[in-house]
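Take a look at the structure below.
Here, each number is a calculation from the coordinates, and none is a lab measurement. Note that the coordinates shown come from a computational prediction; the quantities given were computed from them, not determined experimentally.
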């Protein structure tokens, strides 16, 4: 997993996740729409509980006992690294057991679905069934206008923002789990650079944008 830490810096304080997705290959990713930027005060007012999540399973074509067993297995697998997440699966040829692919900890549901689908398609052979969406991992509360952040980034922001001095800036990757939070004057570029460095360290193109920004 990635490294989550906090350290003092002459230009401010920062927290971040130093990793991208651990994928060998990705499908061609569509360029996501630009995120809405908000202040830290507005973000705190709009955040759902970062520790709660809901697992939504599609029961289309699944028997009730299969849905129950799948839900129990996924809850154990998800652990503390939850929203946003997605589950894709396919049925291998001559098999009655689904090949399930789970991705969690992304900053948007779209990113989670793209990543899980990419994992699924990378393993599926032409003789197997098509990959289909089985479920989603979402915040426990659906709050309109909430910042698009993963559970990890959201939790760190809620815990750390009240103790941070100066304007707060949070950058996050549009396609990976990377993110960075800085406070202090003129730290916007530092947050973006650190986030993009984490994305590049995972072997992907830099794609970070600013989601929370107190800078004037």
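Translational diffusion coefficient of the stretch 53-139 at 25 °C, 0.890 mPa s, Stokes-Einstein with Kirkwood Rh over Cα pairs, in µm²/s as a whole number. Let's see the in-between values first.
Working: Rh = 13.0 Å.
D = 189 µm²/s.
Would you mind computing the Rg to Rh ratio of the stretch 171-216 from its alpha-carbon coordinates, Kirkwood style for Rh? Let's see the in-between values first.
Working: Rg = 10.2 Å, Rh = 10.4 Å.
Computed over Cα atoms, the ratio is 0.98.
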What is the extension gain from residue 123 to residue 45, computed as 0.36 nm multiplied by their sequence separation minus the C-alpha to C-alpha distance, in nm to one decimal?
23.9 nm
Express the relative contact order of the stretch 98-216 as a whole percentage, based on alpha carbon pairs under 8 Å and six or more residues apart in sequence.
24 percent
I'm a student and want to see the number: the projected area of the Cα convex hull of the stretch 87-216, averaged over all directions, in nm².
9.5 nm²
